[in-house]
Structures are given as structure tokens and as C-alpha cells.
1. Roughly how far apart, in whole Å, are the Cα centres of segment B:48-79 and segment B:249-296?
2. Out of B:62, A:84, B:551, whose Cα points farthest toward the positive end of the dipole of the protein assembly as shown (charges: +1 Lys, Arg; -1 Asp, Glu; placed on Cβ)?
3. Amide H of residue A:8: which non-local residues (sequence gap of 5 or more, or other chain) have their own amide H closer than 5 Å, using H built in the peptide plane?
4. Enumerate the lysines that residue B:238 could reach by cross-link, defined here as Cα to Cα under 28 Å, with residues fewer than 8 away along the same chain left out.
5. Calculated from DSSP H runs of 4 or more alone, at -39500 (n - 2.57) each and per residue, what is the 222 nm mean residue ellipticity of chain B, nearest 500?
6. Suppose every K and R has +1 on its Cβ and every D and E has -1 on its Cβ; what is the size of the dipole of chain B about the Cα centre, in Debye to the nearest 20?
7. Separation between the residue B:137 and residue B:379 pseudo-spin-labels, each 7 Å from Cα along Cα→Cβ, expressed in nm?
8. Averaged over peptide B:539-551, how many Cβ atoms belonging to another chain are found within 10 Å of each residue's Cβ?
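Bear in mind these aren't lab numbers, they're just calculated from the coordinates by the rules spelled out. What you see is a predicted model; the values in this text were computed from it and never measured. Virtual Cβ from ideal backbone geometry, glycine too; neighbours counted across all protein chains shown.
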Amino acid sequence: MNNWIEVCPLTEIAPLGSRVVASSQGDIAIFRTADDQVFALHDKCPHKGGPLSQGIIHGDTVTCPLHGMKLSLKDGGAIAPDSGCARSFAVKLEAGVVWLCMS
Amino acid sequence: MKKQKLVVVGNGMAGIRAVEELLKLAPDLYDITVFGAEPHPNYNRILLSPVLAGEMTIQDIVLNPLEWYAEHNITLHVGKTVNKIDRTARKVIADDGSEESYDRMLIATGSTPFVPPIPGRELQGVISYRDIRDTDEMIAAASEYRHAVVIGGGLLGLEAANGLRSRGMDVTVVHLMPWLMERQLDRAAADMLKASLEARGLKFLMEKQTEALLRGSGDGAGDGSAHKPGRVAALRFKDGLEIPADLVVVAAGIRPNTALAESARLYCNRGIVVNDTMQTYDPRIYAVGECVAHRGIAYGLVAPLFEQAKVCANHLANFGIARYTGSVTSTKLKVTGIDLFSCGDFMGGNDGKGGSGGTDEIVLNDPSGGVYKKLVVRNDTLVGAVLYGDTSDGAWYFQLVKDGKNIHDVREHLMFGQNHVGDVGHAGQSSAAAMADDAEVCGCNGVCKGTIVKAIKSQGLFTLEDVRKYTKASSSCGSCTGLVEQILASTVGGAYTPSDSKDKPMCGCTDHSHGLVRQVIRAQHLTQIAATMHYLEWKTPDGCAACRPALNYYLISTWPGEAKDDPQSRFINERAHANIQNDGTFSVVPRMWGGLTTPAELRVIADVAEKYKVPTVKMTGGARIDLLGIKKEDLPGVWADLGAAGMVSGHAYGKSIRTVKTCVGAEHCRFGTQRSMAMGVKLERMLFGMWSPHKVKLAVSGCPRNCAEAGIKDIGVIGVDSGYELYVAGNGGIKTEVAQFLCKVKNDEEVMEYSAAFLQIYREEGFYLERTCHYVARVGLDHVKEAVVNDPAQRKALYERLLLALKDYEDPWAQAVKQPAVRREYEVIKIKEITAEVVS
Ligand code: SRM
Ligand SMILES: Cc1cc2nc3c(=O)[nH]c(=O)nc-3n(C[C@H](O)[C@H](O)[C@H](O)COP(=O)(O)OP(=O)(O)OC[C@H]3O[C@@H](n4cnc5c(N)ncnc54)[C@H](O)[C@@H]3O)c2cc1C
Ligand code: SF4
Ligand code: FES
């Protein structure tokens with residue numbers, strides 16, 4: 001069964017910005033793209049654990065703040081030629097509110 | 001829309017590169033069909049030499065495997081030679097009778113080896129060196145026969161000879177000219193090369209003309225090799241000398257392969273003649289590669305061919321903007337362990353009219369040390385270089401030649417190379433060839449030489465950017481760039497060209513350079529990132545982590561007060577106003593103006609450190625105190641406490657003003673001539689909140705003893721009895737640069753005005769991530785002096801523009817404390833999780 005948890009109104013995340021959600025499974029980064037899509041990844045870069053929430057977002061990609069690895073927001077996969085993957089979580093947007101699914 | 005048909009004749013390096021470039025620009029425009037005479041997919045021809053030498057295998061050098069063609073829906077005909085073009089019916093016909101019609105065609109048939117009309121050249125065992133078949137034949141011969149003769153002591157001949165020698169053959173190189181590689185080397189370098197090849201067991205016969213190749217008798221006479229009757233057995237020179245030869249490799253040059261084009265009556269003259277868009281005389285037909293003559297030149301190295309491919313793709317994609325205007329080439333012999341480099345007009349003394357051409361030669365010749373360098377200079381520009389033994393500066397010289405840069409200011413130490421002072425981080429290592437495979441090249445990312453070589457070969461990399469992407473080498477601080485370039489050059493030979501520093505694109509999102517973007521932002525009065533991207537036809541919807549921060553800076557520095565700062569286009573440090581650490585926490589460095597503090601301030605810092613359990617408190621190299629390891633959500637609290645005591649944070653993270661270091665100066669020091677502490681504080685206060693292309697550091701010393709180290713700062717101020725000396729463009733970081741003398745001024749007010757004017761011209765003209773030393777190296781100190789020193793009106797205007805830009809700067813830490821919207825950046829969202837127990 002899916003457990004959807006309310007996170008925050010979309011307006012509390014800047015476009016091309018992100019917020020950190022503290023959870024029992026560690027920090028989760030919620031991203032908002034320029035066209036108002038939302039994505040969620042475990043806030044830990046597969047390279048050396050950099051906080052992805054602090055990166056620069058472009059298209060549906062985030063650049064890690066520590067050493068510049070690029071990861072797809074869609075599935076957390078590193079953009080070639082890099083490799084590695086950050087865990088991704090399901091998110092949805094309903095009536096301007098962001099929901100996160102942890103299971 | 002129905003797709004157009006593109007037929008490519010020639011499945012080699014230039015043709016397929018053009019297809020790759022085309023697919024990047026317009027993946028769906030054409031149905032593409034490729035014909036290739038060889039029975040292989042496109043491979044890296046230049047790596048045939050390491051294959052021959054036994055360092056690689058054929059499988060290693062395939063650039064585009066068959067799956068690549070399939071993935072991109074390209075119809076590939078291997079092993080088929082096109083022998084007719086019907087330009088009226090717009091179709092090509094191959095030797096097996098297959099036909100293909102085209103809307104546009106690309107000819108990339110490469111070149112054919114030139115074999116002089118020597119009697120006996122049709123014998124078995126006489127081959128040239130061009131493709132996989134030749135290479136296989138040489139490898140097979142090496143396991144069966146003993147004596148190899150290579151005719152031609154050029155690049156290709158020597159690589160063949162070296163390969164055959166490493167496969168155990170007894171190899172003699174026959175050369176018509178007095179010295180080897182006469183088209184790439186001068187005599188001194190060639191003689192050193194010859195000596196070292198002799199030491200590896202190669203034999204040379206110079207200034208010898210071959211008269212005939214002689215057939216074997218089939219009786220195994222002579223040295224015992226079993227000669228088949230139709231096979232070559234010996235070689236006879238014009239002077240009567242005969243030497244045994246079971247394998248003869250003719251490497252006497254190449255000729256553009258224009259047979260097909262000529263049969264279709266396309267205009268050819270030493271190659272298929274094309275214009276600057278790579279179009280032949282038939283507008284539907286383009287041509288690239290060695291088969292082409294562009295402005296009368298047919299190139300024989302891949303770097304220029306790749307440039308042609310890029311331009312051609314641009315036109316095939318109907319973009320219609322690129323121009324190919326010719327290339328300067330460089331040469332690097334790919335013989336493992338030999339460092340040799342040449343580029344440009346290295347013979348000098350050649351103005352095309354038989355005159356000396358007004359060139360000077362700067363020569364360093366150390367035969368027993370195994371080093372020879374010659375630089376050819378004309379009118380204060382470097383026009384050519386030959387390096388033997390130590391080629392670490394090859395890429396730098398090549399860049400200078402290509403850019404045609406004025407070298408007047410560096411002429412005296414040009415010979416000693418780019419890194420003759422102050423380069424740190426790779427143990428002074430400067431010769432790539434001598435490095436062991438496990439030697440660390442990139443100290444930042446821990447990348448060894450072997451890893452880089454392997455990536456270059458297996459991934460088919462040709463540029464520094466490629467190597468950075470795949471290996472991370474030279475992608476951080478960049479101090480190993482020279483070494484990486486050398487490794488690249490010695491692995492791919494002349495295929496390597498340093499990227500054009502002048503109009504290199506900002507990043508993959510655009511083809512425009514930093515310079516052009518800055519210009520357009522000013523000329524078109526652009527004030528927003530999105531509008532700028534739109535106007536300049538950015539290729540990505542919202543740029544990337546490289547271009548957005550640069551654009552943001554260009555906008556706010558060009559239109560202060562008008563352009564709005566975009567926090568999402570700033571690196572995290574500048575967005576959060578603190579410095580991110582490797583564990584995701586932050587550091588706070590309270591500003592201590594001029595390095596001065598008070599017991600009260602120290603007390604507040606101590607209190608904050610205790611209250612927020614700061615794990616590390618440290619003196620920085622910038623003469624202030626660093627509080628390291630603070631959680632992001634604690635930052636506003638830390639700032640509130642510091643702010644209450646009147647302290648601001650110190651921009652220890654930004655592309656901005658950092659510190660003004662001072663010495664105690666006339667305030668206390670027995671030698672002090674000027675009040676350096678007061679001067680430093682005034683400067684730091686004036687510059688508070690200044691954003692710049694890169695960070696800016698100043699220092700003020702009270703006398704020439706210079707205890708504040710003003711000689712390696714962006715601006716160094718040194719007090720003397722009669723006033724101050726100003727120095728600019730120093731750097732104490734990756735590569736130490738000593739600051740250059742700008743001028744002498746009389747008093748504190750002038751220090752402020754001149755410093756501000758210098759910083760403002762840098763802010764207006766500098767490229768993002770270019771420090772003052774790089775900016776001044778690019779534009780020249782004279783240009784800066786002209787505006788800042790010689791022209792009082794311009795100096796005042798610059799000064800005022802800086803003050804205007806700084807006028808409205810708001811303390812970002814106070815804002816983060818006070819404004820909820822800003823404060824949100826620091827807050828972690830807490831959620832109510834439904835635990836399994838609750839659900840069940
Ligand atoms: C804290 C400090 C080291 C220390 O503990 O002393 C420091 C720390 C960093 N330096 Fe530095 N530099 C520090 C003084 C220096 C100095 C000495 C100085 O300022 O007198 C230099 C050489 C002088 C110079 O810049 O010319 C210096 C040359 C660099 C460089 C090389 C710059 C260059 O152009 O070559 C970098 C890399 C960069 O900026 O791209 C760098 C980058 C960094 C960064 C910001 C790396 C980063 O991007 O995260 C480091 C942050 C560490 C952290 O986690 O907080 N740091 N760094 C010093 C802070 C000074 C301050 O109070 O603001
Ligand atoms: C051993 C060796 C070492 C080299 N080392 C270097 C080096 O270190 N650095 C460097 O820059 N360059 C080097 N070169 C040169 C470099 O390989 C060439 O400049 C480059 O391959 C030329 O590319 P191209 O596409 O013009 O021709 P090719 O790569 O030769 O491609 C042309 C292709 O077209 C095919 N073809 C010809 N006519 C027809 C037809 N009618 N129908 C169908 N197919 C046809 C040919 O069979 C060939 O496969 C080296 C070359 C050799 C042989
Ligand atoms: S503080 Fe400076 S020198 Fe030290 S590790 Fe960090 S960047 Fe390198
Ligand atoms: S931790 Fe993300 S790139 Fe290194």
C-alpha cells in the first residue's frame with residue numbers, strides 16, 4: 001500500500017530550488033524544476049555523499065555541489081560518463097501541495 | 001515531413017565524425033546511408049601504430065561499433081566501394097551494383113598512399129601503411145620474416161619502423177633527405193631523434209635513393225629466410241648497394257583520394273575543392289577529410305578534419321552559420337618513450353619570398369641532457385616551435401601560435417615555459433613520457449597516468465574536455481592540465497589540438513564564448529537569465545551549473561540595480577552565504593576588517609562556538625577565525641548572535657571580495673612608513689559586498705619588507721615614504737603569480753580610487769572564474785594602465801561605477817535572520833511519518 005505524506009505547499013520551494021525533508025530513512029531532497037515538476041531523491045550523492053539538495057538544478061538534472069557530478073532527478077541515475085545512483089522516491093503534486101511516498 | 005536522404009561515401013574518421021556532429025544538431029533530419037570500402041566499422045586509424053607495436057588490438061580501436069549505426073538508424077554498407085556518382089539522377093552506384101539515391105551527399109574518401117614508380121613495387125611483401133589490412137600483413141610478416149625495410153623517414157614511416165622493431169624484426173629505414181621528418185623537424189631535433197631510435201635498434205640509411213625491389217629466388221638463399229618466388233627479397237639502391245628485405249613498407253606520402261569525385265567531374269585541384277562551408281562545386285555535395293583541398297591545403301592529421309566535420313555538420317543541419325577557415329597543425333610522434341613536438345613555422349626564415357621573413361630563433365640545445373627546444377618568433381608573436389626531450393610546454397606554445405598572441409612581455413622567459421615559476425601539486429613532474437603508469441597525474445581526483453591513457457584509447461577521446469569528463473583528471477584545480485595535455489598528445493599524436501582559447505564556447509549549452517555573451521548582454525540591454533538564453537538561442541532549457549552562475553554574474557555586474565540576482569543560479573556557498581564542507585555542514589568566517597579584532601568580538605565568537613557546539617575553530621590563511629562544521633539550519637542563529645554584536649560574516653566563500661590582509665604598519669612598527677592597518681580597513685569597508693568574476697584578495701604592507709605578502713594578491717599595496725606603490729594581478733593559489741607594478745600614488749584617497757578603478761574594469765571585462773592574473777594576462781597590463789592610470793576621467797568613471805554598484809548592497813546574513821522567505825532556505829521540513837504499527 002502507498003503511504004502518501006503531505007510535505008508542503010509548492011510555493012515553499014523556489015522554482016529551480018529544493019528543500020530538505022528529514023525522515024526516518026535519512027534526509028530526502030525535494031526538487032522543483034522550472035516547469036513546476038517535483039522530484040525526490042535521497043539527499044546523498046553516490047559519489048561521496050554530497051547533499052544533492054544544495055546543488056544547482058537545470059532541466060531535470062541536479063549538479064552535486066561537492067564535485068559536480070550530474071544526476072537525473074527522475075531516477076537518481078548519474079549522467080554518463082559518470083555512474084552511480086541516488087535512491088529516488090515517488091512524489092506528487094495535488095492542488096498545489098507536494099506529497100511524498102516513502103514505502 | 002518526409003526525411004531527406006544523406007549518402008556518405010567513406011566510412012572513416014572524418015566522414016563519421018561529421019555524421020556524429022550532425023546527429024547532435026539535427027538527429028531526425030536525414031535518412032543516412034554510409035558506404036565504406038573497408039570491411040570494418042569506423043575505427044581510430046591513428047591508433048594503428050600502437051596496434052602494430054603490440055600495445056593494443058584491433059578491437060580496442062573501433063570508434064563506432066556496428067550497434068552504433070543501428071541505434072541511429074544508419075544504413076551501413078561495409079566492404080562496398082562506390083565507383084560512380086550519377087549527379088543528374090542524384091544517386092551513387094557501388095562496385096557490387098547496389099544503388100542509393102541522395103538529396104545531399106558527403107564525400108569523405110580519405111587519401112591513398114603514394115608509391116613511387118620503383119620497379120618491383122607489385123611484388124608480394126611490398127605494402128603501404130594505411131589500414132587494418134596493411135597492419136595485419138605487417139604483424140603476420142613479423143612472425144615469419146626477419147628483414148624489414150621502411151622507405152620514408154616521416155611520421156608514418158618511423159611509427160611503422162618502431163612497431164616492426166618491437167615485434168622483433170631487423171628494421172632499416174631508408175630516407176631520401178638528409179634528416180628525418182624534414183617536414184616537421186629541424187635538423188638538430190631530427191638528429192637527436194635518430195640517435196635515440198638507433199639506440200632502440202633501428203638502422204638508418206640516409207640520402208639513399210631506391211632503384212629497384214628484387215624478387216626472391218624461392219630457394220631460401222641469402223640469410224636463410226624462406227622466400228616465396230613472387231615475394232620481395234632485397235632492395236637495391238642507385239649507388240649499387242643491396243640490402244635484404246622480406247617486407248618493404250612504403251611510407252612515401254599520401255595523395256588525396258579524388259578518383260571518385262573526379263569521375264563525377266567535381267572540380268579537384270590537389271584535392272576535392274571546397275569552400276569555407278565544406279561544399280564542393282556541386283551544392284548538393286559536401287566533402288571533408290584528407291580528400292579535400294580547402295584554400296589550397298589538403299590536411300593529413302585528424303584535428304583539422306574534425307574541425308571541418310563540425311562545420312560541415314552545421315550546414316547539413318541547415319544552420320548555415322559555421323565557417324572553416326583553415327588550421328594550424330602540430331605534430332607529435334607516437335613512439336612510446338620519445339617526447340617530440342613541433343608546430344607552426346618551425347624552420348623560421350621563411351616569408352615565402354626567399355627572405356629571412358624577419359624571424360628570430362630562441363634555441364636551447366643540450367644534447368647530452370637529451371633536450372632541444374627551438375622557438376621561432378616574428379614581430380613579437382610566436383610562429384613555430386620544435387621541442388625534443390621535454391615537451392611539457394608544447395600545448396602552451398601551440399596555443400600561443402594559434403592565438404597569434406603578443407609575447408613581448410614574456411619574451412625573456414618564454415623558453416622556460418608556462419610553469420617556470422610557482423606551479424605546485426604534482427611534484428615538479430613535467431615530462432609525461434617518462435612517467436610510470438601508476439604515477440599520479442591529478443592530485444585532486446587521484447587519477448594516474450595509466451588510467452588516462454587507457455581512457456583515451458578505449459573511449460576514443462581526442463580533447464582535454466573529453467578526458468576531463470571521462471577520467472576527472474584536470475577537472476578540479478586544473479594545475480595538471482599541461483601534463484594531461486601531454487599525455488593526450490603523446491597518445492593520439494597530432495590528432496590533439498588545444499581548444500581555441502579565444503572563442504571557446506562557455507559550456508555545452510551554447511556555442512557562444514564568454515566574451516560574446518558579455519558583449520551581447522551590454523549591447524542588447526539584457527537583464528534576465530531567461531531572456532539572455534532566449535536571445536542567444538541556448539540549447540538547453542535552463543542552462544547548467546556552469547553557465548547559469550556566469551550569466552547571473554554578467555547580468556548583475558553589467559546592470560547593477562536593474563538586473564535581479566538569482567539565488568538559484570548561484571553555487572550553494574553564495575546562495576546560503578556560508579561555505580559548504582565535505583560532510584554537508586557549513587563554515588562561518590566572521591569578517592575581521594583588515595585582520596583586526598577586539599576582545600569583545602573574540603568573546604562573541606567564543607560564545608557562538610560553544611552555543612552551537614562548533615567542532616573546529618581555526619585561524620585561516622586570510623588572517624581571521626573560521627568556525628567549521630555548523631549545521632545549515634543553525635546558520636541563521638549563528639548570524640543573529642554575531643550580528644547582535646555588530647559583526648558580519650566574511651564572504652569567505654564567494655566570487656567576491658575576500659580579505660584585505662594588513663601588517664601592523666606605521667601604527668606600531670618601527671619601520672612602518674604608512675598606516676597600513678587603517679588603509680586596509682578602509683579598502684575592505686569600501687569593497688564590502690563586491691561580486692566579481694572570481695575571488696579578490698588584497699593586502700596592504702606598511703613598508704617594502706612587505707609582511708602582508710602584497711606581492712601575491714589581486715591588489716597589493718605597499719607603503720613607501722612618499723606614498724604607496726600599487727601592484728595588481730598577483731595570485732598565491734594554484735599557480736603562484738607575482739603581482740605586477742601598476743603605478744605609484746600619493747595618498748590614501750588615491751589608493752582607494754586606483755584600486756576601485758582596477759577592480760571595476762576587471763568586473764566589467766573579466767570572464768567568469770577568471771582571476772585578475774588571468775584577466776590581465778588576457779588583455780595585457782597596458783590596456784589596464786591605459787584606463788586606470790593614464791586616463792583620469794576614465795579612472796574616475798570606473799571608480800564611481802563601482803561605488804554605485806556597491807551602494808545598495810544589503811547584508812545577506814541579516815536578511816536570512818529577518819525575512820521568513822529567505823530563512824526558509826535554511827529550514828528542514830519535518831513530516832509526520834505513519835509507522836507500520838499505526839497502519840496495522
Ligand atoms: C579557510 C581557508 C583555509 C584555511 O583554513 O586557512 C581556505 C579554504 C578554502 N579555499 Fe582557499 N582558503 C583560505 C585561504 C586561501 C589562500 C591564502 C590567502 O587568502 O591569503 C589562498 C592563496 C591566495 C590566493 O587566493 O591567491 C587560497 C587559495 C585557494 C584557491 C586557489 C585560487 C587560485 O586562483 O589559484 C582555491 C580554489 C578556487 O577558488 O577555485 C581555494 C578554495 C578554497 C575553498 C573555498 C574550497 C571550496 O571551494 O570549498 C576552501 C574552503 C574550505 C572549507 O571547507 O571551508 N583557495 N586560499 C582560507 C580562508 C581565508 C579567509 O579567511 O577567507
Ligand atoms: C598508421 C597511421 C597513423 C596515423 N597517426 C596519426 C596521428 O598520430 N595523428 C593524426 O592526426 N593523424 C594520424 N594519421 C592520419 C589520420 O588517420 C587521417 O588523417 C584520418 O584517418 C583521415 O580521415 P579521413 O576520414 O579523411 O580518411 P580515412 O580515415 O582514411 O577514411 C576514408 C575511408 O573511406 C573509404 N573509401 C575511400 N574511397 C571510397 C569509396 N569510393 N567508396 C567507399 N569507401 C571509400 C576508405 O576505405 C576509408 O575507410 C595516421 C594515419 C595512419 C595510417
Ligand atoms: S582548504 Fe584549500 S588547500 Fe586545503 S584542502 Fe581545501 S582547497 Fe585544498
Ligand atoms: S559527492 Fe557528489 S560529486 Fe562528489
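1. Here the answer is 24 Å between Cα centres.
2. Looking along the dipole axis, the top candidate is B:551.
3. A:98
4. The qualifying lysines are B:194, B:203, B:208, B:228.
5. Details: 26 runs with 256 residues, N = 840.
So the helix-based figure for chain B works out to -9000 deg cm²/dmol.
6. Details: 95 positive and 100 negative charges, 183 e Å.
With only Lys, Arg, Asp and Glu charged at Cβ, the dipole is about 880 debye.
7. 4.9
8. Details: counts 0, 3, 6, 10, 4, 6, 11, 4, 1, 5, 1, 0, 0.
Per residue, the average neighbour count from other chains is 4.
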